[in-house]
Amino acid sequence: MLQGENLRLAYRDGDATVDAVHDVSMAVADHQFIGILGPSGSGKSSLLYLLSGLRKPTGGEVYLDDRAYGKMSDRERVALRRREFGFVFQQHFLINYLTAQENVMVAAPVQDKAHAAQARALLADLGLGEKLHRFPYELSGGERQRVAIARAMIHRPRIIFADEPTGLLDRHTGLQVIALLRAYRDQGSLIAVTHNPEILSEADLIIRMRDGQIVAMEDRVARQTKEAAA
Amino acid sequence: MNPLSPLSYHRRHKRQSLMLTALLALAVMGLYLVLGVLLETFITPLYTVNRYLSKFSLVQPDIGALDPAVVTQIRANPDVALVLPQNHVEIAVPNAGGVDTPFRLIGLQEADVDAVLAQSGVAPVEGQLPQPGTNGLALSRELATALDLEIGDTLKRTENNTGYANIASPLELVGILSGDVRLGIVSYEYLDNHARYRDIARYGVLVIARPGHEAAVDDLLRQTIRSPRVETATYQLLREYLAQSQAVLYRVGIPLVLLVTVAITMVVGAINRLAFMQRLTEFGTLYAVGHGKGWLVRRLTLETAGLALAGGTLGILLAVGIMALLNAAVYAPKGFAYNPFQMTVLPFVVPILLAVIGFTLFAAVRAFRRMDAVAIVERGALSLEERQTRSAAHVRAVSLTHPLAATTFYRRHKGQAAVLIGATALMIVSTSLFVFGLESFDDARQPLLNHLRQVSVVAANGLPLEPATIAQVRAHPAVERVIPAMLFSPLGIFVPPIAPTYPVEAYGVTAEDMAYLVELYGLRLDAGRLPRPNSNEIVIPWTVAQNRGIQVGDVIGNRDHPVHLDAPTLPSELVVSGVFAQAEDFTDDNWLSFMSLEFAENHPDSWKVNLSLVIVPKTGQKAVLDGWLESEIAGERRLVFTYGNQQALFRSQASSLLLSLSLVESIIAVVAALALAGLNYIFVTQRQAELGVLSALGLSRLQLVGRIVRETLFTSGAAWLVAVLGGAVVLVGMQYGLFVPAGVRFNFFNPVPWLYTLPVPVAVLAVSAGAVGRALSRLDPVALIEGRA
């Protein structure tokens, strides 16, 4: 289980101190799909960085199975990211001189033929079986994002962090991408940050943020009840 | 501020502009220093030390006495003010770089000394002038400094066997001179009366021109008086000799300049290209708003010209500063002060700047020709990228199993790889160029000593060997046979690539001893026969015959028709009666010639020299014998030549040169390492996005730095391989194009020059690792994801 307790992330903006995340606590169970929703500047991406260990909190603590990030060395935190987490960002951040298959292999725990075969299979599952050897600039936006998803999945992480994964895609492609991510729930958890509520329809829990704070938490049952009432 | 001024970009991109300026400054400084140090070490001292020839000239016969008719002819010339008798011995003055410069100690009669000093603008400032018939020596202060002598010190052959080879009897420094030129004055009578100097000193006249008629007298001596039998030393000849030496230096220097220029141009070109790609939008916009392509090309070229000007000026200033420091710390204290501002070097450093500007102009014209403003504004892409996309699509990649391997980036960025590998390889070749030349020459001359592998020699120094010494040598238990011999150097051998003529030795021995030595050395005749007793015949080695194009029956020693340029003058002609066969292994080659001892002893001309001893040791006793000869027999009157001491002499000559070259090459290595590491650093920082995403995905900084280091290792290794292969090809070319036709060879596997190929790649690797490590320590993957990096 991933847990954040009283998380705070502050940074200096001139003479003022701005809290990007302020006193946030939350937990992510295994195989859970968590959506973090909020307008720009609400602190949702910052929360994702804290939970994934990409940023150190200025207050509070993050635990993965009772292991506190704060007690880990930088090296351990990096190793944790590599082993346990997968990432999908708003931009694909594929390496432009590597082919689709190679970009997926970049996140493989070991670079060997078995993982190369696994990367090919994964890309084929994502509909890119014919484009294994294409470079990013030869792929469409949706295809690039699918390669990024395959890269996030190759090492079977426990949690995939997706930061606005559909932000630069058209609606149809965006829904395809989110469906692919959602399907991963069988293997691990998914935490997706977005400002688009449509893609979180299947989320187990939606956390709404504003000004660095959680303003609401809705589980699926509550949402369904609310929708039925409406 | 004019926003479209060529300076605007640099003002807003100070870091990049400073780096390029520094790079150009380093390159200019490096070349300036290399050529400046070489000039001040190898060329200028020749001029500095012998500039007395601007005050007077010397005339002497090739051998024997000067023809009185020649003296009369000189005296009769109206442009000549004075003709004074002189004799002299030559010594070598070591300069700050450890290179010997020949210098004459001129013997003057007492009555003539004042006239020569006045003409030279020189006066005694300490001590006194040499008294007639004494071994006193007066030296200019700078020369005394260079030779590390003070008043009361003596110049002895035993202290410097090569530099003072002609100092048959010690000379005592009695006076210090100071003035316009450097002089060394001894007593004419002393050299004339001393038995040991009689065969060593050269005799002739010293010629002083009337004021304003110096050029006319120089012309007279060079054009009318000079002949195969009469040698002249004039100011104009000195300048011609200097020009030739300078030309030799430039023959080596120009390829060096070319290599460095191409390498630096590649580096600057690559950096400019990256900057250009980043500025596509700017150019597209400017073009769209009405600035023509010509204007854009001009602006870009002017930007680079500004950098080149700044870099060039800074580089020259830095180099002048370092040269001034070197002068104050090393050269001036050794008596070889120089002007740090070297005009002659400037034409060699300017091409770098012009090449960089020219290349930018060429690249800009080429890129702007394909520029499509709409494509740039709409898609942020020039046709350059489209072309890249097209070519990538054409060459369908096959996905690699190890995409993070050290070679992947450069497999996909062949242009960058070519620039890095090419520039590094060129720099490696630049740093090892001189050493390959020097070592190949040093290797090739090794057979000069081979005749001393089986024997050792005790030679008379001026006076005949004492009977007691001969008896002592004969009685030594390690001695198998003692052969009386006269030692001559009737021929010279040319050792490439730019070497002088080396005298090769001949033993004048009896027929019986000759047969014995021929067997001892394992020599066999390839053509002709051994010299007959009491004949003017000589048998020479195959290598010398090949080197000088000599055949059986040829005559050597003809004073009017020398057998080769700068051939030693012989008292009378010799006929080549035979040529020895070449050794099967060139390292065993023996360059010894033989002639008849009886001929030399009985000939009326001055063939007769003091007898030396060629000593053959008993089997297994060579080391013992050599040790004994060196410690017990060598002395003021006796010179001992063993394989060991001659080898040590060769080595010390080579290593002092090697040291100078190492200094010079380390300058290039530093420039190369910084330039290439800078380029590598820029290439890496262009990959921030890649490194950031890898960091976000869980690659530690150590892993990222390790990956970049492995990539640099790959490019540096590839460059080293290219340079070494290129070097090997050049060596093969040198061996078979230059050395073998001259009858000599060098050893391909001498490790020294190959070791000189290592500093650049190692330094590039180290500096790159440091710079990249430092850059990556600031890497923030979140900043990159958020688009703030």
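Coordinate-derived values only; no laboratory data. Remember, predicted model here, so these are calculated numbers, not experimental data. Cβ sites come from the backbone with ideal geometry, for glycine too, and all protein chains shown count toward neighbours.
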Checklist entry - Going through the stretch B:578-681, which GluC sites (Glu not before Pro) have at most 12 other Cβ atoms within 10 Å and a DSSP loop state? => result B:Glu584
Checklist entry - What whole number of Å gives the distance from the Cα centroid of the stretch B:616-649 to the Cα centroid of the stretch B:735-755? => result 29 Å
Next on the checklist: Amide H of B:Val563 versus every other amide H placed in the peptide plane: which residues, excluding those fewer than 5 positions away on the same chain, fall under 5 Å?
Outcome noted: B:Gly557, B:Asn558
Item to check | Shielding by partners, peptide B:653-661 (average Cβ within 10 angstrom, other chains) | outcome: 0
Item to check | the protein assembly as shown: C-alpha gyration tensor shape, a/c 1.5 cut-off, then a/b vs b/c | outcome: prolate
Next on the checklist: Only bridges whose two residues both fall in the protein assembly as shown count here: according to DSSP, what percent of them are antiparallel, nearest 5?
Outcome noted: 70 percent
Checklist outcome for this item: Summed over the other residues with a beta carbon less than 13 angstrom from that of B:Val744, with K and R at +1 and D and E at -1, the charge totals 0
Next on the checklist: As a quick test, which of the pairs B:Lys14/B:Lys293; B:Lys156/B:Lys334; A:Lys113/B:Lys414; B:Lys55/B:Lys334; A:Lys44/A:Lys71; A:Lys56/A:Lys226 have an alpha carbon distance above 28 angstrom in this structure?
Outcome noted: A:Lys56/A:Lys226
Checklist outcome for this item: Note on the stretch B:157-219: contact order normalised by length, alpha-carbon pairs under 8 Å, 6 or more apart, percent, works out to 24 percent
Checklist outcome for this item: Counted neighbours (other Cβ, 10 Å), sorted fewest up, put A:Lys131, B:Lys14 in the order B:Lys14, A:Lys131
Item to check | Between the stretch A:71-99 and the stretch B:89-153, the alpha-carbon center distance in angstrom | outcome: 78 Å
Checklist entry - Around B:Thr510, which amide H atoms from residues at least 5 apart in sequence, or from another chain, sit under 5 Å from its own amide H, with H modelled in the peptide plane? => result B:Leu597
Item to check | Shape call, the stretch B:649-789: gyration tensor on alpha carbons, a/c limit 1.5 | outcome: prolate
Checklist entry - If we count other beta carbons within 10 Å of each Cβ, what is the order of A:Asp15, B:Asp554, fewest first? => result A:Asp15, B:Asp554
Item to check | Vicinal HN-Hα couplings computed from phi for the stretch B:194-206 (Karplus, 6.51 cos²θ - 1.76 cosθ + 1.60; Hz; Gly/Pro x) | outcome: 7, 4, 6, 8, 4, 8, 9, 5, 9, 10, x, 10, 10
Item to check | 222 nm mean residue ellipticity, helices alone, for chain B (DSSP H n ≥ 4; -39,500 (n - 2.57); rounded to 500) | outcome: -16500 deg cm²/dmol
Item to check | Karplus 3J(HN,Hα) series, Hz, for the stretch B:260-268 with 6.51 cos²θ - 1.76 cosθ + 1.60 (x for Gly, Pro) | outcome: 5, 4, 4, 4, 5, 4, 4, 5, 5
Next on the checklist: Taking θ = phi - 60°, what integer Hz values does the Karplus form 6.51 cos²θ - 1.76 cosθ + 1.60 yield along the stretch B:54-66, in sequence order, with x for Gly and Pro?
Outcome noted: 6, 9, 8, 10, 10, 10, 8, x, 5, 9, x, 9, 6
Checklist entry - Using the alpha-carbon centroid of each, what span in Å lies between the stretch B:516-532 and the stretch A:177-230? => result 103 Å
Checklist entry - Could you give the length gained on full extension between B:Phe362 and B:Ala324, defined as 0.36 nm per residue of separation minus the Cα-Cα distance, in nm? => result 9.9 nm
Checklist entry - To the nearest whole number, what is the average tally of beta carbon atoms from other chains within 10 Å of the beta carbons of peptide A:82-91? => result 3
Next on the checklist: How shielded is A:98-111 by partner chains, expressed as the average number of their Cβ atoms within 10 Å of its Cβ atoms?
Outcome noted: 5
Next on the checklist: Order these by the 10 Å Cβ neighbour count, fewest first: B:Leu183, B:Leu776.
Outcome noted: B:Leu776, B:Leu183
